[in-house]
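Everything below concerns the one structure shown next.
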Amino acid sequence: MRMFVRVISSLFALSLANIASAQAIQLRDGSVLVGEIQDVSAEGMTFHRLDTGGMLDLLWEDLSGESAVRIKHMKGLLVEDEEEITVQADVITFSVQGLAREVLVGILVRQTPEEYILQRRGVEYPIQRRDIKLTGKREVPVYDVYSKEGYYALQLNEIQPGEDADKHILMADALRRAGDYAASEKHLLRADELGGGSQKSKLPPMLTRLRTLMESEAERETLKEIRVLRNQKRFEDAEAMIAQFEIDFPDSRLKTDLEREKRRFEKDRESFMIGQVYQKWAQTLLAVARDKAAEDVDLNTAREYAENFMAQEIFSRIGESLDLSPEEVEEFWADRHKYGRHGPDLFSYGVGSWLLGKDKILLNTKLDNLGGNTNLKAGESRSEWERITRKMEEIRKRSRQVARQNRDSGPESDEDWWMRSSRNDRQYWMRAYFAENSGYLEVTRAFIARCTSCAGTGSVAVRGMSGGQQKQACTLCRGTRHTRTIRAR
């Protein structure tokens, strides 16, 4: 009986040990499995189920995102990007005997009435006070001013780990983040010898993570350089280094880190290029319209070009200036809303509004007073309003003369007006027509202003053959009574 009890107790203890060492994972569908994680790789892992004893080959995609990240951290497959450790350094700008100014960055270790002594990577540099032009402070990467030995001594003095396991772990973390992996490992092992302190359970994954870094230091340096190039907006160089990483380290355990860096690269490049395209858009649009207007094309050709061909010319020109294909520029332009690159701009048909016809002039509009402050949003330029106003004043002065001419020759056709109008009028008309009809801009608001010649009545009084006054369709708005302006983004 006693033997039976001992056997049962042993089996029960063994069962408890298995349960204690078991780990829970969550699959993508939300179900939870308990068992042992085995044979972890960059692609996935083998999982020994506790309930059935079966073995599962799982890809990381089979797990929930949180569970996959947790296991990768635990097994050293995913190392969180560390923000570069910086220290506050002293910056001294000086000039010796009136020569070109120099800047020295370091740690001010002492000063005398005659000089400052700045230390940089263990070397002291004396600077005469009379030569100093400017002093200040700046956050710089730790190894810009300290040697590895110097930074280690600094941390040792500040933390003073002694026989405290938690302080050794704190020391190890600071050294790891600074890239001194060998010294970091020494302090983690010392913390383990001291019992692990309050973080005993975290020591094994810490050591695994650190050794992954030590084994793949070349990969880590490459990833760091990719980040530097990305931050400097040197995207071609960063892309080339990403490709080289995949060639040099095909079996790297840091594939997950590389994939994350590639995603950040793509996002940053997209954001930057969208910004570049957006900056060049308005100027290029006006240039393309100006060049087409200079060809003296007829009105129908101008309409067709603005609707169907103008965008491709814009994409091509921007692409040439940014070394992008027209297709890439079009994609960046289409995605501009993702990064807030869609501020509205003003587009006016001006004195050519009548070419649209009365119904289209009034479409989705409200009446505004041309040039009024209510038409401008904060930070929006008044140059377009001023241009329209000046042009309207010029046309109004000519309107009576044109009216007298039309009295005998009959009304002017839209094609005649188009060919007679200035290139400046044609280019701005095409610009507005493109904004409203090409599909590449979103009209956010449309409004009208009363014709300045007829005050919105559609007709003007002219002197007839007999010398009396008679009504005639306004030669500025052609009886449509208004001009049309839109905001589009």
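Laboratory data are not the source of any read-out in this text; all were calculated from the coordinates shown. None of these values were measured; they are calculated from a predicted model. Cβ placement follows ideal geometry from the backbone for every residue including glycine, while neighbour counts extend to all protein chains displayed.
For the listed residue pairs Lys224/Lys255; Lys148/Lys224; Lys200/Lys255; Lys202/Lys255, the alpha carbons are over 20 angstrom apart in Lys200/Lys255; Lys202/Lys255. Convex hull of alpha carbon positions in region 148-215: directionally averaged projected area 4.0 nm². Only one residue of Gly53, Ala100, Val87 has its Cα farthest out toward the positive end of the dipole of region 25-145, where Lys and Arg carry +1 and Asp and Glu -1 on Cβ, and that residue is Ala100. Net charge in the neighbourhood of Glu442 (other residues with Cβ under 12 Å of its Cβ; Lys, Arg +1, Asp, Glu -1) is +2. Convex hull of alpha carbon positions in region 86-144: directionally averaged projected area 3.9 nm².
Separation of region 126-180 and region 281-327, taken as the distance between their Cα centroids, equals 57 angstrom. Net charge dipole, region 86-144: roughly 100 debye, given to the nearest 20, about the Cα centre with Cβ charges of +1 for Lys and Arg and -1 for Asp and Glu.
How do the peptides 253-266, 94-107 rank, highest first, by the average count of neighbouring beta carbon atoms within 10 Å per residue? Don't skip to the end; give the middle numbers.
Details: 253-266: 17.2, 94-107: 12.7.
Listed from highest to lowest mean packing, they are 253-266, 94-107.
The label-point distance for Glu193 and Glu217, in a model that sets each label 7 Å from Cα toward Cβ, rounds to 2.2 nm. Would you mind classifying region 194-297 by shape? Square roots of the alpha carbon gyration tensor eigenvalues, ordered a ≥ b ≥ c; an a/c under 1.5 is rounded, otherwise it is prolate if a/b is larger than b/c and oblate if not. Here region 194-297 falls in the prolate category.
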